[in-house]
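Below you'll find the structure, written out as structure tokens, and then a few comments.
The values are calculated or read from the model by the stated rules, or taken from the named source; none is laboratory data. In this text the structure is predicted, and so the values were computed from the model without any measurement. Cβ placement follows ideal geometry from the backbone for every residue including glycine, while neighbour counts extend to all protein chains displayed.
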Amino acid sequence: MRHSIRSTPDDVTTEYWAYEQAPRKRRSGTVSKALLRGCVTALLLIALALLYLRQYTVAGASMAPTLMAGDRVFYVGFTKANYGDLVLFDAGETYGFVIKRVVGLPGDIIEVMQDGRVLRNGVLLDEAYIITDSLGNSALQAVTIESGRLFVLGDNRAESIDSRDVRVGQIRLASVRGVVTRMLRETGPS
């Protein structure tokens, strides 16, 4: 029970009176501020995820066995592509958005053998993930990757339209939309 300053009941001690009159912190304000900060932080994280982490559904078999038609991939923009990365890029009006694997960076010398295996700067790449071209139609003579460009190939070398094809060629770094970070394969009942 609060008492006015003018009257002090006889049965209340001076210490208790001082305690009663002392200003108190309002906890509800502190809790609501913390909740507000938490909500704002969560909204910012969601906005960043939507801006930087995007999703794409794979079409076709050019990246088999790594990616199959219908697989969903998540990619992040604004990252630098490196050897072995799967990149999503704009291949123009004819092909639209495409996913391929980076095998050559600017300045590299790339040569593709008939079966689809790759020599980068004279060294045979260890690519356990590829399906080789059993018909031997994948050969490409040595080319030097231009500045500001990447050389990309599909993992299914016989079925892929990629940097070996003049319609795609060495892709511009500016056409890369992002680097794949996660893959999700839908598995249905057998």
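Of the residues Ile171, Ile161, which is touching a residue at least 40 places away in the same chain (Cβ under 8 Å) and buried (at least 18 other Cβ atoms within 10 Å of the Cβ)?
Sole residue among the options that is touching a residue at least 40 places away in the same chain (Cβ under 8 Å) and buried (at least 18 other Cβ atoms within 10 Å of the Cβ): Ile171.
Can you list residue pairs whose Cβ atoms sit under 8 Å apart, with the first residue in the stretch 75-98 being part of a loop (DSSP other than H, G, I, E, B) and the second being of a type in the set (Ser, Thr, Tyr)? Count only pairs 6 or more apart in sequence or on different chains.
Gly77/Tyr52; Phe78/Tyr52; Ala91/Ser175
Could you please find all residues in the stretch 123-158 being buried (at least 16 other Cβ atoms within 10 Å of the Cβ), touching a residue at least 60 places away in the same chain (Cβ under 8 Å) and within 23 Å of the chain's Cα centre (by Cα)?
Scanning the stretch 123-158 gives Leu150, Val152, Gly154, Asp155, Asn156.
Quick check on the stretch 41-58: of everything there that is surrounded by 14 or more Cβ atoms within 10 Å (Cβ to Cβ) and closer than 23 Å to Ser160 by Cα, which residue is farthest from the chain's Cα centre (by Cα)?
Selected residue: Val58.
Given the condition within 15 Å of Thr66 (Cβ to Cβ) and either in the same structural domain as Leu67 (by TED's automatic domain parsing) or out of contact with any strand residue (DSSP E or B) (no Cβ under 9 Å at 6 or more places or on another chain) (or both), answer yes or no: does some residue in the stretch 167-177 qualify?
no
Condition first: modelled with pLDDT under 95, closer than 19 Å to Val179 by Cα and among the β-branched types (Val, Ile, Thr). Can you find one or more residues in the stretch 81-94 that meet it?
no
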